[in-house]
Amino acid sequence: MDSELQQRLINAVARGERQAFEQLYEAAGPRLYGVAMQLMRSPERAEEALQEAFVKIWHNAADYHQGRGSVMTWMSSIVRYRCIDLLRSISAKEDRQDSLDEEGAPVLIAPEHPEDPENLALERCMDTLERDDLQYIHLAYYRGMTHAEIQSHTGTPLGTIKSWIRRGLQRLKRCLEQ
Amino acid sequence: MNYLNDERLDALAADYVMGTMHGRARLRFMRLMQTYHKVRERVWHWEQLLAPMNEKVAPLTPPGHVWEEISRRIGFLESGLPTAAANDESPSKGLFAWAGGFASAAVLLLGIFIITPEQTVPTAPLTEQVAVFKEGEQPLWLMEVSGNELTVQATSAVTASEDHDYELWIVPEDGSAPVSLGLMPEDGRVTRMLAVNTHDIAIKAVAVSLEAPGGSVTGAPGEVLYVTGLTIL
């Protein structure tokens, strides 16, 4: 979905236009459901997160502005935060470790538009990271693991995980901002 | 701890966006985001830096019932879908029951409904108006609308909690579903732009509800704590 169309649709959604909201869902739903599935690892829970995120998108469309990045970035963040809240609430009620151990590394694909400058920059900058930093960043971002869950998953001491993720992110940021 | 130190703030914003920040630290940070534009901007910056990572996740078509459920929760299907009408637990029905039962909710909340009928202008559009939410004689929040800008000031009487947030709602005069104006500050003052879809709503009342951290996810208010009218300045 190109950014101009996203912008037109979100403006219409902010005015309460239902048809625009349905178009936005059709265009962005699959990508956002993919993000939710990657984090939740359960269709039921991913569906719940997606539903709640889209209800929020409908009610908060007028809050979107360009300072938030693209409309897709804004919507992806809403989905991710909803997933993270659900994951934390699941972790509080049950031991999530078994299901985390069963799953392997995050399944990633080539971006749909690898030639986009943002995607090229991310690829280039990811390549500058240490292997361990990258692994922990992936476990946190794509699997929604806390530092403690990464510790249980990998056996690495908590302090090491925290400092490696932080080091990796700062290195990534410096590279992406160049 | 000085949260607004640049380096510290940057690390916290990254933790928040990654999702590794959790529990009380996450709630504290969300409150800082509500209060300080600088904190929100740093979070938005990290969201944008990391957003291309989402491009590497394979898209999946959601099942058809997901859209139906979203439509039902928003109220698109409120009158046309028999299953929603038949289901007492359905959020949209709960929402309309809440709006319909507004008068009785206000009666139950007697003692915290403060502004007199002569002072209220329930059908005026949202411009240059003010409301005070009180518990007994104790003011809790002052809400001001100036043009398209909403300012809410919390008093020291507001009880802050890690376990919940307060959310502000307008109750439209035409009986349609309450519309959220966002979370209330638990201390200090917040100013934000009003959503475009609220500009022309004739207001019956404004209300504050108690919600889980982050606010209502259903789009409908939870437990309504305070209700009042709006007064033209």
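Summary table
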{"item": "Whichever residue in region B:6-28 is small (Gly, Ala, Ser) and in a helix (DSSP H, G or I) and, among such residues, is farthest from the chain's Cα centre (by Cα)", "result": "B:Ala11"}
{"item": "Every residue from region B:14-32 that is aliphatic (A, V, I, L, M) and facing another protein chain (nearest Cβ under 10 Å)", "result": "B:Ala14, B:Val17, B:Met18, B:Met21, B:Met30"}
{"item": "Qualifying residues in region B:171-194 (those that are surrounded by 14 or more Cβ atoms within 10 Å (Cβ to Cβ) and at the interface with chain A (Cβ under 9 Å from one of its Cβ atoms)) - the one farthest from B:Gln153 (Cα to Cα)", "result": "B:Val179"}
{"item": "Members of region A:144-158 found to be closer than 14 Å to B:Met21 by Cα and assigned to a helix (DSSP H, G or I), listed by number", "result": "A:His147, A:Ala148, A:Glu149, A:Ile150, A:Leu158"}
{"item": "Output for region B:195-233, where each listed residue is within 14 Å of chain A (Cβ to nearest Cβ) and either under 22 Å from B:Pro139 (Cβ atoms) or part of a strand (DSSP E or B) (or both)", "result": "B:Ser209, B:Glu211, B:Pro221"}
{"item": "Residue pairs meeting the criteria (Cβ under 7 Å; at least 6 apart or on separate chains; first more than 8 Å from chain A (Cβ to nearest Cβ), in region B:33-54; second charged (D, E, K, R) and assigned to a helix (DSSP H, G or I))", "result": "B:Met33/B:Arg40; B:Arg42/B:Asp10"}
{"item": "Test: residue in region A:25-45 that is closer than 16 Å to B:Val57 by Cα, among the polar types (S, T, N, Q) and modelled with pLDDT of 95 or more", "result": "no"}
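The values are calculated or read from the model by the stated rules, or taken from the named source; none is laboratory data. On a predicted model such as this, the values are computed, not experimentally measured, just so you know. Glycine gets a Cβ as well: all are built from the backbone with ideal geometry, and neighbour counts include every protein chain shown.
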